[in-house]
Amino acid sequence: MKVEIEKVYEPSKTESKWYKKWKDGGFFRSRPEAGKKPFTIVIPPPNVTGSLHMGHALNNTLQDIIIRFKKMRNFNALWVPGTDHGGIATQNVVEKLLKAEGKDRHALGREKFIERMWQWRAESGDTILNQLTRLGCALDWERTRFTMDETCSRAVLAAFIELFNRGLIYRGKRLVNWCPRCHTALADIEVEHEEEIGKLWHIKYPIEKAKGDKKEKFLVVATTRPETMLGDTGVAVNPEDKRYKKLKGSKILLPLVGREIPLVYDDAVDMTFGTGAVKVTPAHDPTDFEIAARHKLPHVVVIDFHGRMTEDAGADYKGLDRYEARKKVLHDLEARGLLLETVDHPHSIGHCYRCNSVVEPLVSEQWFLKVEEMSRKAMKAAEDGRIKFYPESWRKPYMMWLENLRDWCISRQIWWGHRIPVYYCRGKEQGASSKEEMKQSACPPIVSAEPPKKCPKCGGTNIEQDPDVLDTWFSSALWPFSVFGWPDKGRGKGQGSGEGLNDLEYYYPTSVLVTGHEILYLWVARMVQMGLTFMGDIPFSEVFIHGIVRDKSGKKMSKSLGNVIDPLGVMEKYGTDALRFALTQSAAPGRDMQLSEDSFVSARNFANKIWNASRFVMMNVEGIVWDENHIMTVWPMELADRWILSEYRKTVRDVTKAIENYDMDVAARTLYEFFWSKYCDWYIELAKIRIGSDDLKQRKAALSILIELLAGTLRMLSPVMPYLTEELWQSIRGFVKHTGSSENIMLSSWPEADESKIDQQALDEMALVQQVITSVRTIRSEMNVPPGKGITVTVKPHSDEKRKVIERNGSYLQCLAKIETMEINSKASRPKQSALAVISGYEIFVPLSGLIDLNKEKTRLEKELTGARQEIERCNQKLGNESFVTRAPAAEVDKIKQRLGDAQLKSERIAVSLQNLG
RNA sequence: GGGUAGUUAGCUCAGCGGAAGAGCACAUCCCUUACAAGGAUGGGGUCGCAGGUUCGAGCCCUGCACUACCCACCA
């Protein structure tokens, strides 16, 4: 085999070819297979409007690592791709396009608009999926789903009908969160609260004079929303509030409007807030809505679905935007002397999570899903451990959310989505078209997957479907089973397997759900509710929650802040593997991460290091004629071999454990540390001694270990850095024992390591050797000995055992510390004009006649001495502590004694040396 | 108002009961035949504050202070 390999790793040359080969080779495909354990992940479906951002890159890299890892561990691993139709968000995108063309959806009409939506989705909806291929994701593309495709839509209809039949879905006129810009209701969770400094206005409400009253009397109410006063139908105070007790039965004259409204007594009023008197606007405030219900106060709607004042707001205000109306109301109140005071008041304001408009609570007819029972089930699954959270700390927020959940408003007044499968008979009359009129029809609504031909009750054919669509999250909640064809259990039967297994039974419940915590409630909790309701089983047994990607200063990356780092740009500049590695390295479970350009540079450098180390190994391996027994174990191993094998085994053990535990950051760091700091910095350097030797047997010994461990490390790295490792694998697999017939790294197995073979003696001895080498290097560096210059060193071991270590590994010292001649002498004394190092078990003298700067050496030794003396003091303190000696474990006490001994010797020798220096 | 996490080297973060760590940045030397996207060496930290538990505490407990995020019908 001829090895030709560039000096610098160029990702673009590598990445372009592999994805297609993997895909065409069927490595991403999974079909049910009897006797093979499935491992399933369904992708959190990105919106069709999406373009790959860092959050996606992180989320999908982590999933890809898990899938590739499981494939290598011989699971039947499936990762299902797909996209979400993204209801409001997507409709907004297309509406914007229309607007640019000078059109709007209403002019276009529902049918044409939806046609346009589909056209857009056909043109642009796959962008993000294509970007996922660029990221290298091992998704089974033959299973790509879309929440509005036929399969998923069927599941949505079936789910709605089932829930309706079980009495869990109902329709009602409620005060809901309304976005006046998107023109639809929103679920509670779709409202984002932001703290703002608003104003609290104190307004005088005149009390109607009783007979004989001379003075004008007022009640003062405090409000943050003066414009809603036009819709007030009462004023409420707490029944315990002494200030207002004697006003019982009073009538209040609503200013500006002149309406007479009652004073009511209600526990919901907080006596300590404001003036203790609350204006009650049932149609525009949730609390007031409830107070009104208790006291039978009427509703007066003064704000419409566009956020403008209605006719009922009065002629002066009708048609005004709600904020203009506020100004005018305040102005008018002030003019009448009714505005008492204005104070700053911090409070949180709800915004639409799609367009950021201020949400308006409005009364409207909506569909709701009862959640109490589903929530109980979902909580139980987390409580009894059927669903595990990584990290565990996310369980509590999940529980708390479910505990306080209120019924879910599932209808949306937009056009893009799954239309609610409810039909209304408009009777035999023609012409009724508003929702109100439909409701008033005598016949009950018809709930059906197919449009009914005629009304089952009256036989009328004048039937119209409910105009609303379902919340996009309703379909997402079904994702873990809708992708497998639910409710049709037989669907997918035997797809390529011929074994009578069907997808739903084989793959459900899925294994792990990987997501950021921002959609824990919006999505994860709801999948659990729906999974338990429809499948009778959890949708996944593990939830791996990763952090949110932030910028260098800790802010969430967003287009509006302009602080996004585009993952596509990073892939372009540094390579996909570098992007993936950088993300993985900072992906501590549940912790947000701050990314900067630096992390990509460092990951790119790591990729290059892997490239060059592999290049080195291959350059030396080529030309060697291997016989059948080229395996590492044939030759007696020397220290470096035993050491690196032990380090490797530890790495395999730790990395495997880390990935299984979803500690991807630990896995990445462990591999980085092993490969760079151990394999490259030490083992390759030591192996060079034998590689340069004339003894072919020696060369083969070192190279066989180099290549075996390189292969193993590449395999471990491959889930994180698939492109680079695949490319290198193709060059080395011919030399490696374990490859079998595997053509691609994804099909080769994950390394196994026998932990019992971790050789502690080798680890300890190597640590000693490294210390000696490092201490000599330090002297060289600090005394400015030119790197090329060989030196003479005298090593004075303090025991026979220590002497043997040096004797055995003399060549290591000579090569790595550039020692020309080395004397080992237990009785040596420090030569004149020499530098000194004292480490545990050794003194090392480096004669530097002519080279040594005595002052420099003195300073250096003084520093060392100070350190040693501090150490002695610390140890003495401990050992002098009676309770330490008696209560600490003996091993600990021995350790301190050992350290004391080392430090004493060190300080003694250095002190003598300093004296000699003068 | 409630909850959760965080506060360790200039920056990003590991460590979570027994001598303060890594990467980046910085300084010195080196283009040594895998790699200058590299190598060797070095400087730099009363581990947010105050108590407590322990022979021993970044590490466990209790307060407090900031910071971030989440939840909430604070008119």
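The values are calculated or read from the model by the stated rules, or taken from the named source; none is laboratory data. Just so it is clear, the model here is predicted, and its values are computed rather than measured. Please note: Cβ atoms are built from the backbone with ideal geometry, for glycine as well, and neighbour counts cover all protein chains shown.
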Criterion (modelled with pLDDT of 90 or more, more than 16 Å from RNA strand B (Cβ to nearest atom), surrounded by fewer than 16 Cβ atoms within 10 Å (Cβ to Cβ) and of a type in the set (Asp, Glu)) met by exactly one of A:GLU208, A:GLU150:
A:GLU150
So, in the range A:778-801, of the ones that are near RNA strand B (Cβ under 8 Å from one of its atoms) and part of a helix (DSSP H, G or I), which residue ends up surrounded by the most Cβ atoms within 10 Å (Cβ to Cβ)?
A:ARG780
Residue that is farthest from A:SER16 (Cα to Cα), among those in the range A:551-577 that are within 8 Å of RNA strand B (Cβ to nearest atom) and at pLDDT 80 or above
A:TYR574
Out of curiosity, is A:ARG166 surrounded by 16 or more Cβ atoms within 10 Å (Cβ to Cβ), basic (Lys, Arg) and at pLDDT below 95?
no
Unique match (being of a type in the set (Val, Ile, Thr) and within 40 Å of the chain's Cα centre (by Cα)) among A:THR310, A:THR287, A:THR281
A:THR287
Inside the range A:591-607, the number of residues satisfying the requirement of being touching a Gly at 6+ places or on another chain (Cβ under 7 Å) and farther than 19 Å from A:MET557 by Cβ is 2
Hey, any hits in the range A:176-191 for a residue that's of a type in the set (D, E, K, R), within 11 Å of RNA strand B (Cβ to nearest atom) and touching a Phe, Trp or Tyr at 6+ places or on another chain (Cβ under 9 Å)?
yes
Among residues belonging to the range A:499-512 that are in a helix (DSSP H, G or I) and crowded, with 24+ Cβ neighbours inside 10 Å, point out the one that is nearest to the chain's Cα centre (by Cα).
A:TYR507
Does the range A:68-89 include one or more residues that are within 23 Å of A:TYR507 (Cβ to Cβ), in a helix (DSSP H, G or I), among the hydrophobic types (A, V, I, L, M, F, W, C) and under 30 Å from the mean Cα position of the chain (by Cα)?
yes
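Would you be able to say whether some residue in the range A:728-735 is over 38 Å from the mean Cα position of the chain (by Cα), surrounded by fewer than 24 Cβ atoms within 10 Å (Cβ to Cβ) and not polar (S, T, N, Q)? Steps first, please.
Pass one, the range A:728-735, residues over 38 Å from the mean Cα position of the chain (by Cα): A:734-735.
If we keep only those that are surrounded by fewer than 24 Cβ atoms within 10 Å (Cβ to Cβ) too, we end up with A:734-735.
So of that shortlist, the ones also not polar (S, T, N, Q) come out as A:734-735.
Among the residues of the range A:728-735, at least one is over 38 Å from the mean Cα position of the chain (by Cα), surrounded by fewer than 24 Cβ atoms within 10 Å (Cβ to Cβ) and not polar (S, T, N, Q), which makes the answer yes.
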Report, by residue number, each residue of the range A:513-550 that is assigned to a loop (DSSP other than H, G, I, E, B), in contact (Cβ under 8 Å) with a residue 24 or more places away in the chain and more than 10 Å from RNA strand B (Cβ to nearest atom).
A:MET535, A:ASP537, A:ILE538, A:PRO539
Among the residues of the range A:217-235, which ones are touching a Gly at 6+ places or on another chain (Cβ under 7 Å) and near RNA strand B (Cβ under 10 Å from one of its atoms)?
A:ALA222, A:THR224
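Just a yes or no: is a residue in the range A:848-868 buried (at least 16 other Cβ atoms within 10 Å of the Cβ), in contact with a Lys or Arg (Cβ under 9 Å, 6 or more places away or on another chain) and within 23 Å of A:ILE806 (Cβ to Cβ)?
Taking the range A:848-868 and keeping what is buried (at least 16 other Cβ atoms within 10 Å of the Cβ), we get A:848, A:851-852, A:857, A:860-861, A:864-865, A:868.
Now restrict to residues that are in contact with a Lys or Arg (Cβ under 9 Å, 6 or more places away or on another chain): A:851, A:864-865, A:868.
Now drop any that are not within 23 Å of A:ILE806 (Cβ to Cβ), which leaves A:864, A:868.
Within the range A:848-868, one or more residues are buried (at least 16 other Cβ atoms within 10 Å of the Cβ), in contact with a Lys or Arg (Cβ under 9 Å, 6 or more places away or on another chain) and within 23 Å of A:ILE806 (Cβ to Cβ).
Among what's in the range A:726-754 and is modelled with pLDDT of 75 or more and part of a loop (DSSP other than H, G, I, E, B), pick the residue that is nearest to A:LEU710 (Cα to Cα). Give the steps one after another, and end with the answer.
Looking only at the range A:726-754, we keep the residues that are modelled with pLDDT of 75 or more, and these are A:726-735, A:748-754.
Applying the additional criterion that residues be part of a loop (DSSP other than H, G, I, E, B) yields A:748-754.
Values: A:SER748: 14, A:SER749: 14, A:TRP750: 13, A:PRO751: 11, A:GLU752: 14, A:ALA753: 14, A:ASP754: 17 Å.
Checked the range A:726-754; the qualifying residue nearest to A:LEU710 (Cα to Cα) is A:PRO751.
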All positions within the range A:832-886 that are within 13 Å of RNA strand B (Cβ to nearest atom), assigned to a helix (DSSP H, G or I) and of a type in the set (D, E, K, R)
A:LYS856, A:ARG860, A:GLU862, A:LYS863, A:GLU864, A:ARG869, A:GLU871, A:GLU873, A:ARG874, A:LYS878, A:GLU882
Looking only at the range A:850-903, filter to residues that are of a type in the set (Asp, Glu) and touching a helix residue (DSSP H, G or I) at 6+ places or on another chain (Cβ under 6 Å); which one of those is nearest to A:ILE791 (Cα to Cα)?
A:GLU864
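Conditions (1) under 26 Å from A:GLY26 (Cβ atoms); (2) in contact (Cβ under 8 Å) with a residue 40 or more places away in the chain; (3) within 16 Å of RNA strand B (Cβ to nearest atom), marked per residue:
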site	(1), (2), (3)
A:LYS700	no, yes, no
A:LEU703	no, yes, yes
A:LEU747	yes, yes, no
A:VAL776	no, yes, yes
Could you tell me how many of the residues in the range A:256-284 are surrounded by fewer than 21 Cβ atoms within 10 Å (Cβ to Cβ), touching a Pro at 6+ places or on another chain (Cβ under 8 Å) and closer than 10 Å to A:ASP232 by Cβ?
0
Residues that are part of a helix (DSSP H, G or I) and more than 30 Å from A:PRO467 (Cα to Cα), drawn from the range A:128-156
A:ILE128, A:LEU129, A:ASN130, A:GLN131, A:LEU132, A:THR133, A:ARG134, A:LEU135, A:TRP141, A:GLU142, A:ARG143
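Go through the range A:309-418 and tell me which helices (runs of 4 or more DSSP H), entirely inside it, have 2 or more residues that are in contact (Cβ under 8 Å) with a residue 12 or more places away in the chain, within 12 Å of RNA strand B (Cβ to nearest atom) and under 30 Å from A:ALA588 (Cβ atoms). Outline the logic, then answer.
Numbers: elements: A:322-335, A:372-383, A:395-403.
In the range A:309-418, the matching helices (runs of 4 or more DSSP H) lie at A:395-403.
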Answer yes or no: is there a residue in the range A:607-614 that is more than 18 Å from A:GLU15 (Cα to Cα), in contact with a Leu (Cβ under 8 Å, 6 or more places away or on another chain), assigned to a helix (DSSP H, G or I) and at pLDDT 90 or above.
yes
Among the residues of the range A:397-439, how many are among the basic types (Lys, Arg) and at pLDDT 85 or above?
3
Scanning the range A:778-813 residue by residue, those of a type in the set (Asp, Glu) and in contact (Cβ under 8 Å) with a residue 40 or more places away in the chain turn out to be A:GLU782
Among the residues of the range A:95-140 satisfying the criterion of being within 30 Å of A:GLY575 (Cα to Cα) and of a type in the set (S, T, N, Q), which is surrounded by the most Cβ atoms within 10 Å (Cβ to Cβ)?
A:GLN131
Taking the conditions exactly as written (in contact with an Asp or Glu (Cβ under 6 Å, 6 or more places away or on another chain), surrounded by 13 or more Cβ atoms within 10 Å (Cβ to Cβ) and β-branched (Val, Ile, Thr)), does A:THR40 satisfy them or not?
no
Of everything in the range A:192-205, what is more than 9 Å from RNA strand B (Cβ to nearest atom) and over 30 Å from the mean Cα position of the chain (by Cα)? Give them in sequence order.
A:ILE197, A:LYS199, A:TRP201, A:HIS202, A:ILE203, A:LYS204, A:TYR205
